[in-house]
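Novice: Next up is a structure, given as C-alpha cells.
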Amino acid sequence: MTTVKAFCKTALCTAIVAAMSAAAFAATPSYPTVTQATLDNAASNNGWLMYRRDYTSNGYAPFKDINTSNVANLKEVWSYVNPINDQGYESPPIVNGDYMFVTTPKDELLAFEATSGKLLWKYTKNLSDTGLKTVCCDVVNRGVALYGDKVYMATLDNYVVALNAKTGKVVWQKQLIAPDIGYAMTLAPLTVKDKVIVGVSGGEYGARGFIEALNAKTGKEVWKTYTIPAPNQPGGNTWPKGAYKTGGGGAWLTGTYDAATNTLFWGVGNPGPWLATLRPGKNLYTDSVIAMNPATGKIKWHYQYTPNDTWDYDGVNETVMTNIDYQGKHYKALVTASRNGWFYAIDRVNGKLIYAKPFVTATSVNGIKDGQMTTDDALRPAVGKQVFTCPSFLGGKNWWPISVDPETHMAYVPAMHTCMTISGTTVAYKAGLPFLGEKFNVMADPKFPNQWGDVIAIDLNTGDQAWHFPSALPWNDGMVSTAGGLVFSGSADGYLYAFDAKTGKVLWKSPKMTSGIIGVPTTWKVDGKQYVSLWAGWGGATPIWGGDMAKDPAVKDIPRGGHLYVFSL
Ligand code: CA
C-alpha cells in the first residue's frame, strides 16, 4: 500500500493530501450527543429533536429564513421513495445535527443525511403476523425519540427498540406486552430524564391502557401506570364491577413534559366497549388528560373531555403548553382540540377548566356545568336505538397535532366536518377481537356540505376562530408554525401549503406530490440553511373507517405511496 509519505515527493503534495483527508473527515455526518440539557433547550436547537420539536408540544420553530416574503421560492431539495406503497406514512422527520430519522408503516426506521438525502442506514422490525393482528387503524408509526447516542422507536408488536443513532445497530429491545391480546404501539416515544416513555393503543379491543417508562440505557421498566384505575385506586368507583379489566383507555399519542412543575401530561383514549350502556359511570380516566409525576408515573390530576363516552371520542389529542389571558386573568394553560369537537384551555397547574368552545358542530357533548362537560342523553346510542350526532367518531380533529404560534398567539387546527349515525349492537369481550358494540357510518355535516375539511385558526385568549381555510377534502395533516410568519401543513390531495399565520392566506403551495399527506411536517436548519420536510403517503384511519367520506371519489381515488420530500429556498 502506498503511504502518503511514499506517494508524495514534496511538502506541497503532503499538505494537499492531508487537506483532502480533512475534507473527507468533515463530510462525515455529525451527530451531537443528546443530553437532558439538549432536550430542555430543544426550542432553540437548530434541529427538530422530538415529536413536536420541544417539550411544550407547540410544534413551533423560531426560524425566519423562510418567511412570508420569500416562501414562494421554496423548491424541492431531495426526495426519497420507500417501497411500502399501500399504507399510511405518519412520521415527522426528526433531525439532530446532520441526521434525519423517519419511520414508515410496518415499523421501518430510516436514517438519512438531512441535507443530501443519502440513506445512512435502515432498520426493519421483524414483525410477526400476530403483531399486525390487533391494529385498528392502519399499520402506522409516528416516529422516534432521541437520547444520548440512541434513537428509540415503539413498534406494532409492543417493543421499544433502542438503536445506535449513528449506525442503526440495536442496543436493546424490550417487549412490554404480548401482541395478540389487543395491544399495539404506534406513537413516538418521549425521552425525559434518562427514561423512554410510551403509551399503548388498544381502545378498540378492550385492552386496558397504560403508560410505561423504561430506563433509557437498559430498557428496564421504571414505572407503569394504568389509565384505567383498579377498584381500590382513586377513580376505581367510576366503573361497574370488573369492567376496568377491559376498559380501554389507550394512550396512543405522545405526551408533553413541563419541567417547571415536573409534570407529564398525557391524553387517554376511549373506553371499552364503545357502547356506554354496558359500563355506566364516568369511566375515568378515559377521554381525559392526566397529569403525572415523571419520576413515578403517579397521577396528580385529570380533566375529562367526554364523560361516559359512547361515541369513540378518544381524549388522546395533543396537550400543548401555552400561557393565556382569559377574561382578565393570566393562566399557565394546556390547550387541545379534542375529537369531541371542543377546543379546551385547561389550567395546567391544577387541571381546572379555563374555557371550552366548539370548533366544529358538536352535539353529543353539549355544554359545561360547574367546569365539567355535559352530554346529550338523547344522542346516546343503544341496542335498537340509532342516533345522528356530530362530530363523527373520527372527530372534529383526529390525531394530527395542532400548532401554537407564540407570536400570533393562535392555535392552528387541522379539522374535519363530519357527523354520523350510530346504534348499539350486542358484544362480548374476547381477547384480541374488536370490542365495540356499535354500528356506525361517517356522514357529511349538513352545515358544511361538500366540505370535509378545514384549517382553523383559534385566538387563544378568547377561544374564538380567527380564520379558516375550507377544504373539500378532509384535512388530515399535522400543523407547524414558524417565526417566519408561516403555518405549514399538507393536504389529502398531496400539496404542502404555506399559510400566512396571521390571515390564513395561501402564500405557497408545493407541486403535487405522488400521494396524499397524513404525516407531520417538520422544519430545521443545517449549516445555517432552513429546510421543510414531510412524508406524502395516504392511509391511516380515514380510508378504513371514513364511511361516506372515504367513499367520496375525491377521497377514494387519492393515490397511495410513500414519498419523503425536503424543501428549501
Ligand atoms: Ca378509539
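Novice: Run Ile518 past the list (1) in a strand (DSSP E or B); (2) under 21 Å from the mean Cα position of the chain (by Cα) and report the number of the one that doesn't hold.
Specialist: Among (1) in a strand (DSSP E or B); (2) under 21 Å from the mean Cα position of the chain (by Cα), Ile518 violates only (1).
Residues are listed down the side, and each one gets a yes or a no for (1) assigned to a loop (DSSP other than H, G, I, E, B); (2) farther than 20 Å from Gly269 by Cα; (3) open to solvent by 20 Å² or more (accessible area, probe 1.4 Å):
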position: Asn126; (1), (2), (3): yes, yes, yes
position: Thr130; (1), (2), (3): no, yes, yes
position: Arg142; (1), (2), (3): yes, no, no
position: Tyr152; (1), (2), (3): no, yes, no
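Novice: For the range 343-359, give me the residue count where each residue is open to solvent by 20 Å² or more (accessible area, probe 1.4 Å), among the hydrophobic types (A, V, I, L, M, F, W, C) and assigned to a strand (DSSP E or B).
Specialist: 2
Novice: Examine the range 458-472 for a residue that is open to solvent by less than 10 Å² (accessible area, probe 1.4 Å), under 27 Å from Ser338 (Cβ atoms) and in a strand (DSSP E or B), and state whether such a residue exists.
Specialist: Yes, because at least one residue in the range 458-472 is open to solvent by less than 10 Å² (accessible area, probe 1.4 Å), under 27 Å from Ser338 (Cβ atoms) and in a strand (DSSP E or B).
Novice: I need the full set of residues from the range 229-281 which are open to solvent by 20 Å² or more (accessible area, probe 1.4 Å), assigned to a loop (DSSP other than H, G, I, E, B) and β-branched (Val, Ile, Thr), in order please.
Specialist: The answer is Thr261, and nothing else.
Novice: Of all the residues that make up the range 195-209, how many are within 16 Å of the ligand (Cβ to nearest atom) and either of a type in the set (D, E, K, R) or at negative phi (or both)?
Specialist: Count: 9.
Novice: Which residues, taken from the range 495-513, are open to solvent by less than 20 Å² (accessible area, probe 1.4 Å) and assigned to a loop (DSSP other than H, G, I, E, B)?
Specialist: Once the filter is applied, which keeps residues that are open to solvent by less than 20 Å² (accessible area, probe 1.4 Å) and assigned to a loop (DSSP other than H, G, I, E, B), the range 495-513 yields Ala501, Gly504, Ser510, Met513.
Novice: Could you please let me know if Gly490 is open to solvent by less than 40 Å² (accessible area, probe 1.4 Å), over 20 Å from the mean Cα position of the chain (by Cα) and not polar (S, T, N, Q)?
Specialist: Criteria not met by Gly490.
Novice: Are any residues in the range 306-338 in a loop (DSSP other than H, G, I, E, B), more than 22 Å from the chain's Cα centre (by Cα) and free of Cβ contacts under 8 Å to residues at least 40 places away in the same chain, and if so, which ones?
Specialist: Gln327, Gly328
Novice: Going through the range 212-252 one residue at a time, which ones are touching a strand residue (DSSP E or B) at 6+ places or on another chain (Cβ under 6 Å), within 16 Å of the ligand (Cβ to nearest atom) and in contact (Cβ under 8 Å) with a residue 60 or more places away in the chain?
Specialist: Scanning the range 212-252 gives Thr227, Gly248, Gly250, Ala251, Trp252.
Novice: State all residues of the range 279-299 that are away from the ligand (no atom under 16 Å from the Cβ) and either more than 14 Å from Trp223 (Cβ to Cβ) or of a type in the set (Ser, Thr, Tyr) (or both); if no residue qualifies, say none.
Specialist: At the first step, the residues of the range 279-299 found to be away from the ligand (no atom under 16 Å from the Cβ) are 280-282, 284, 290-299.
Those that are away from the ligand (no atom under 16 Å from the Cβ) and either more than 14 Å from Trp223 (Cβ to Cβ) or of a type in the set (Ser, Thr, Tyr) (or both): Pro280, Gly281, Lys282, Leu284, Ala291, Thr296.
Novice: Out of the residues in the range 107-124 meeting the condition of being in a strand (DSSP E or B) and open to solvent by 40 Å² or more (accessible area, probe 1.4 Å), tell me which one is farthest from Lys75 (Cα to Cα).
Specialist: Narrowing the range 107-124 to residues in a strand (DSSP E or B): 108-113, 119-124.
Remaining after also requiring open to solvent by 40 Å² or more (accessible area, probe 1.4 Å): 119-120, 122, 124.
Working: Leu119: 21, Leu120: 23, Lys122: 26, Thr124: 31 Å.
Top of the filtered list is Thr124.
Novice: Quick check on Thr375: is it open to solvent by less than 50 Å² (accessible area, probe 1.4 Å) and in contact with a helix residue (DSSP H, G or I) (Cβ under 6 Å, 6 or more places away or on another chain)?
Specialist: The answer is no for Thr375.
Novice: Does at least one position in the range 427-446 carry a residue that is within 16 Å of the ligand (Cβ to nearest atom), in a strand (DSSP E or B) and within 18 Å of the chain's Cα centre (by Cα)?
Specialist: For the range 427-446, residues within 16 Å of the ligand (Cβ to nearest atom), in a strand (DSSP E or B) and within 18 Å of the chain's Cα centre (by Cα): absent.
Novice: Moving on. What is the number of the single condition among (1) open to solvent by 40 Å² or more (accessible area, probe 1.4 Å); (2) within 16 Å of the ligand (Cβ to nearest atom) that Ile181 does not meet?
Specialist: Evaluating Ile181 over (1) open to solvent by 40 Å² or more (accessible area, probe 1.4 Å); (2) within 16 Å of the ligand (Cβ to nearest atom) leaves (2) as the failure.
The values are calculated or read from the model by the stated rules, or taken from the named source; none is laboratory data. Not measured: the values here are computed from a predicted model. Cβ atoms come from the backbone with ideal geometry, glycine included; neighbour counts cover every protein chain shown. For the accessible areas, the whole protein counts, side chains as well, though only heavy atoms, and no ligand, DNA or RNA atoms are used. Shrake-Rupley method; radii C 1.70, N 1.55, O 1.52, S 1.80 Å.
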